[in-house]
Amino acid sequence: MKKIFTLLAGVLLVMGAQAQTLLTFPSDGDGKDITLSDNGFVVRAVSDKPGAIDGNSQYFGTADSYENIKTRWKPGGKSSATIYISVTAPSNGSLYIYVRTASSSATDRALVVTQNGDELFNKVIKENEATDYVTATIDDKDTKIFPIVTVPVKEGAVNITWTTNGLNFYGFKFISDGTSPDATPHVPQVWDFTTTTSASLGAGWSEDSETEGRYVYETEIAEGTYVDLGEIGFSYGAGISVGRVGGKIEAKKGIRVDIGKALQLNASNGVFKITDLAKGDKVSIRFKNASKTEARKFTVTNGDIETIDAPKTDDDNTEKEATITVATDGALVLQQSKAINIIALAVNDELPVTDGISVLKAETVEGNGVIYNLQGQRVDANYRGVVIKNGHKVVIK
């Protein structure tokens with residue numbers, strides 16, 4: 001089955017323990033047959049035309065976290081049997097492609113990533129992605145920052161093509177998620193944060209002086225790192241890692257626990273990560289927006305990219321639930337737009353029984369009409385009954 005991925009709005013930094021070096025093109029290469037490698041991650045760029053490597057300084061990433069690359073590979077035309085990029089992924093993980101269109105006016109130059117006959121990514125690369133995305137002030141001048149294409153891949157060969165006309169490639173990075181191709185289903189597990197007591201919190205936690213019953217973990221989480229809740233004495237969270245995309249989490253604003261209520265990561269773009277999942281695993285989440293004034297959301301990354309809306313609590317004060325079906329072996333990442341209270345999580349198990357729950361199901365970012373039944377399973381148009389389509393309940397008769 002084909003799977004289409006979109007550009008991620010930023011870099012999901014250090015998805016696993018094995019981050020690779022950013023591979024860029026040498027300034028003295030001729031551009032005809034270049035091999036870049038690091039710890040089993042191999043990129044080969046081939047062109048039988050007058051491909052070239054030249055100096056061209058560009059920024060990739062986000063305003064908070066970007067990388068400046070000063071060389072690029074110009075393949076000299078559209079891809080073919082003699083113009084292509086091949087990649088070897090040393091394990092399951094995420095492939096990062098630093099690419100820009102070779103024409104500022106072109107609107108048809110698509111980048112395609114395939115593996116084992118499956119299409120993993122297919123999207124037009126446009127110059128205005130940078131303008132629409134973010135403009136940051138670097139070295140006292142406004143500078144375009146281009147988004148990075150991020151594609152989950154499995155161990156083995158990956159092919160990169162561009163079928164219309166030229167694209168310019170600046171670099172590649174691979175980050176392993178630490179799983180093998182033979183991932184097994186996650187054992188059933190439930191995290192119920194309503195059962196948390198102060199006694200379960202270890203060293204580094206202190207009571208919030210402004211809010212009774214709230215505890216805060218007071219160690220700063222550096223940019224690009226993740227902390228496993230079980231490793232910091234929070235026994236109800238063992239197996240869940242937290243971090244942030246694009247910037248550090250300050251000590252006083254980091255991980256919060258409202259005793260007997262919920263877990264909260266008090267940071268925009270905060271990330272909750274569950275690792276060692278297998279394709280087909282079910283991840284369920286019960287949550288409630290921490291804000292009464294603005295709607296928020298989770299962005300779910302694992303294979304497909306999906307969103308889960310969290311309405312402001314003045315609009316709907318009930319707790320919400322959503323179930324995600326894991327699309328590829330590896331980690332599942334829940335990235336919140338801003339602080340959202342997580343009440344419970346479950347993998348391949350039922351959430352704790354409670355009253356007053358409003359059930360939501362994740363929808364794709366582009367609202368592309370994917371249909372789910374009320375158990376969170378994808379179904380086709382022949383299914384009959386109540387389904388979730390583009391975030392809304394619909395009855396198919």
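Readers should treat all values here as calculations from the given coordinates under stated rules, not as data from a laboratory. A quick note: this is a predicted structure, and the numbers were derived from the prediction, not measured. With ideal geometry, Cβ positions are generated from the backbone for all residues, glycine too; neighbour counts draw on all protein chains shown.
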Using θ = phi - 60° and the Karplus curve 6.51 cos²θ - 1.76 cosθ + 1.60, what whole-Hz ³J(HN,Hα) does each residue of the stretch 324-340 get, with Gly and Pro shown as x? 10, 8, 5, 8, 9, 4, x, 8, 10, 10, 9, 9, 8, 5, 8, 4, 10
For G156, other-chain or 5+-apart residues with amide H closer than 5 Å (H placed, Pro excluded) are A89, S91
Using the number of other C-beta atoms within 10 angstrom as an exposure proxy, rank D64, D48 with the fewest first. D48, D64
List the residues, sorted by chain then number, that are 5 or more residues from N165 or on another chain and whose placed amide H is less than 5 Å from its amide H. A110
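Using Cβ contacts closer than 10 Å as the measure, can you line up D177, D142 from fewest to most?
Values: D177 26, D142 8.
Placing the least packed residue first, the sequence is D142, D177.
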Can you list the residues, at least 5 places off or on another chain, whose amide H is less than 5 Å from the amide H of L120, using H built in the peptide plane? V113, T114, Q115
Mind running the shape call on the stretch 18-176? Use the C-alpha gyration tensor, a ≥ b ≥ c as the square roots of the eigenvalues: rounded below 1.5 for a/c, prolate if a/b tops b/c, oblate otherwise. rounded
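Determine, for R44, R296, the number of other Cβ atoms within 10 Å of each Cβ, and report the residues in order from fewest to most. Before the final figure, lay out the partial values.
Working: R44 14, R296 19.
With the fewest neighbours first, R44, R296 line up as R44, R296.
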With θ set to phi - 60° and the Karplus curve 6.51 cos²θ - 1.76 cosθ + 1.60, what are the ³J(HN,Hα) couplings of the stretch 70-82 in order, to the nearest whole Hz, using x for Gly and Pro? 10, 10, 9, 10, 10, x, x, x, 6, 6, 7, 5, 10
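At 0.36 nm per residue, and after removing the present C-alpha to C-alpha distance, how many nm does the segment from V112 to T137 gain when stretched out fully?
Working: separation 25, 0.36 × 25 = 9.00 nm, distance 3.15 nm.
Residue separation times 0.36 nm, minus the Cα-Cα distance, leaves 5.9 nm.
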Starting at the first residue of the stretch 263-277, write each ³J(HN,Hα) from the Karplus equation 6.51 cos²θ - 1.76 cosθ + 1.60 with θ = phi - 60°, in whole Hz, x for Gly and Pro. 10, 9, 9, 7, 7, 5, 6, x, 10, 10, 10, 10, 9, 6, 8
Protection proxy ranking of 108-116, 337-345, 275-283 - average other beta-carbon atoms within 10 Å, highest first: 337-345, 275-283, 108-116
